[in-house]
1. Going through 131, 172, 121, 207 one at a time, which residue ends up being in contact (Cβ under 8 Å) with a residue 24 or more places away in the chain, in a helix (DSSP H, G or I), over 17 Å from the mean Cα position of the chain (by Cα) and more than 24 Å from residue 97 (Cβ to Cβ)?
2. Check whether at least one residue in the stretch 413-420 is in a helix (DSSP H, G or I), under 19 Å from the mean Cα position of the chain (by Cα) and aromatic (Phe, Trp, Tyr), and report yes or no.
3. Please find, among 305, 384, 285, the residue that is aliphatic (A, V, I, L, M), in contact with a Lys or Arg (Cβ under 6 Å, 6 or more places away or on another chain), touching a residue at least 12 places away in the same chain (Cβ under 8 Å) and crowded, with 21+ Cβ neighbours inside 10 Å.
4. Only one of these is out of contact with any Pro (no Cβ under 9 Å at 6 or more places or on another chain) and in a helix (DSSP H, G or I): 148, 158, 152. Name it.
5. Name every residue in the stretch 104-142 that is hydroxyl-bearing (Ser, Thr, Tyr) and over 14 Å from residue 54 (Cβ atoms), in order of residue number.
6. Identify the residue in the stretch 59-106 that is of a type in the set (Ser, Thr, Tyr) and assigned to a helix (DSSP H, G or I) and, among all such residues, is surrounded by the fewest Cβ atoms within 10 Å (Cβ to Cβ).
7. Only one residue in 244, 276, 256 is without any contact (Cβ under 8 Å) to a residue 40 or more places away in the chain and part of a helix (DSSP H, G or I). Which one?
8. Answer yes or no as to whether residue 31 is at pLDDT 80 or above, surrounded by 16 or more Cβ atoms within 10 Å (Cβ to Cβ) and closer than 21 Å to residue 112 by Cα.
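The values are calculated or read from the model by the stated rules, or taken from the named source; none is laboratory data. Every value quoted in this text rests on a predicted model; they were computed, and no experiment measured them. For neighbour counting, all protein chains shown are included, and Cβ atoms are generated from backbone atoms with ideal geometry for every residue, glycine included.
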Amino acid sequence: MNFLKSIPEHILVAGSSWVSRVVTSFIQIYMVKILIDILGVNKYAVFSVILGIMGWFMLCDLGSGVSIQNYISEYRVKSKNYDILVKVFFFSLLFLSLLCILILYFISPFLSKFVLGEFNFLNKKEIFTVFFISGSVFVLMNLSNSMYKIWYAEMKGYISHIIPTISYLISFFILFFYKEELKNNQNGILFVFLIYFSPSLLISIFFILKRIIPFNFVFFLKDNLRLIAMIYKRGFRFWIFAFMASIVLQIDYIVMAKTLSTKEIVVYNIVSKVFMFGFFIYNSVLASLWPVFSEKISKGDLEEVKIKTKKYIRLGIIYMIFFIFCFIVFKDIIINLLASSTNIEISFELIILFGFYYILRIWTDMYSMVLQSGNVLKPFYILVPFQALISVFAQFFFVKKIGVYGIILGLILSFLLTVTIGLWYYSNKYLFNRGKYVG
């Protein structure tokens, strides 16, 4: 017990994430195999595109999830009670989510055709239904993500790792035992999608209800409305950044859906999933450091933030180089595990391009987290619009020249020419080279 207390909270949270991710990774690896067996290459490509545009629907929270996380960190520093803050937040987010789903219903006929229209093996009704149902679930998952962020702010991030692991286990067993029934189902994509995401959403809603019951407050009181305005006013600043970041990071599957074959989309998806698994371990450190940095910046303890920033960037780059090496060595085994029923090939060049991209992400995401934890958002408004423009044009340009390699090359250029150097510069300008917090 004394040993556990001696472990820094962010390391304990990150450690729980690593253990959870190791378990989840084995589940996901086999789940990809099951999904390809159920759906086939063509429909699995559709499933991949739907997952690839998830970030756009997550924008429906208007940045409130990040905002509530930072407010809770600040309340904790001042030893203030934030029970009512959490309750009014979830009620407002539920109302906002339902409003977004209503709007989505009316615009889905146009958006679904734009995103999925090139998959001519699906009819118009299937395209609309899959797009609208999946989009609605993604919108509601903002509730889950916000609950995870609240746990991070309360230094209980291990819960945010355990729940997804349990959810994936439930999804895995359902898909495993009902594989043959789903394989012969006309609405296979839709059912697979709901099985994949529903457990996580339902479990999170259970914990949200525990937080907001009893309803010992009046939502429309002036003080409560002021709290809502406070959350969304700050959140909107994060939302603008998230929107621009989505243009950079969430455009790839839209470009692929309109330009590449289903086989190329599946290859990209598999390589991306492997690297996302590797990057998640580093990303879990960032998520656990966020509230720690937020509290230290609020206290003006910037030197320790600077030291830890450099330390975790160095460790992250070393880790990612090792991960790239392992991927190259075990490439054939990975393909056999994930897509043994297909004849896809993963090239050495694609792995190297992805590896270099994620090394850039280690550097960039760390400085991004540092600035956001201190509520310093001005640099993003300056840099990310240029990055978004470069990303869109570079991906469309290069994908026509060199196929799937063009997607990742476009992403690399958008980072190198903007945020990779820019966020490091602004972190030093606004935080590390100042004697006190000025964000």
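1. Working: 131 fails: more than 24 Å from residue 97 (Cβ to Cβ); 121 fails: in a helix (DSSP H, G or I); 207 fails: more than 24 Å from residue 97 (Cβ to Cβ).
Going through 131, 172, 121, 207 in turn, the sole match is 172.
2. Yes; the residues of the stretch 413-420 include at least one that is in a helix (DSSP H, G or I), under 19 Å from the mean Cα position of the chain (by Cα) and aromatic (Phe, Trp, Tyr).
3. On the way: 384 fails: in contact with a Lys or Arg (Cβ under 6 Å, 6 or more places away or on another chain); 285 fails: in contact with a Lys or Arg (Cβ under 6 Å, 6 or more places away or on another chain).
Selected residue: 305, the only one of 305, 384, 285 that is aliphatic (A, V, I, L, M), in contact with a Lys or Arg (Cβ under 6 Å, 6 or more places away or on another chain), touching a residue at least 12 places away in the same chain (Cβ under 8 Å) and crowded, with 21+ Cβ neighbours inside 10 Å.
4. Numbers: 148 fails: out of contact with any Pro (no Cβ under 9 Å at 6 or more places or on another chain); 152 fails: out of contact with any Pro (no Cβ under 9 Å at 6 or more places or on another chain).
None of the other options fit; the residue is 158.
5. In the first step, residues of the stretch 104-142 are kept if they are hydroxyl-bearing (Ser, Thr, Tyr); the result is 105, 108, 112, 129, 134, 136.
Residues satisfying the conditions are 105, 108, 112, 129.
6. Looking only at the stretch 59-106, we keep the residues that are of a type in the set (Ser, Thr, Tyr), and these are 64, 67, 71, 73, 75, 79, 82, 92, 97, 105.
Restricting the remaining residues to those that are assigned to a helix (DSSP H, G or I) gives 64, 67, 71, 73, 75, 92, 97, 105.
On the way: 64: 26, 67: 25, 71: 24, 73: 23, 75: 15, 92: 20, 97: 19, 105: 13.
Filtering the stretch 59-106 for residues that are of a type in the set (Ser, Thr, Tyr) and assigned to a helix (DSSP H, G or I), the one surrounded by the fewest Cβ atoms within 10 Å (Cβ to Cβ) comes out as 105.
7. Details: 244 fails: without any contact (Cβ under 8 Å) to a residue 40 or more places away in the chain; 256 fails: without any contact (Cβ under 8 Å) to a residue 40 or more places away in the chain.
Matching residue, one of 244, 276, 256: 276.
8. On the way: at pLDDT 80 or above: yes; surrounded by 16 or more Cβ atoms within 10 Å (Cβ to Cβ): yes; closer than 21 Å to residue 112 by Cα: no.
No; evaluated as a whole, the condition is false for this residue.
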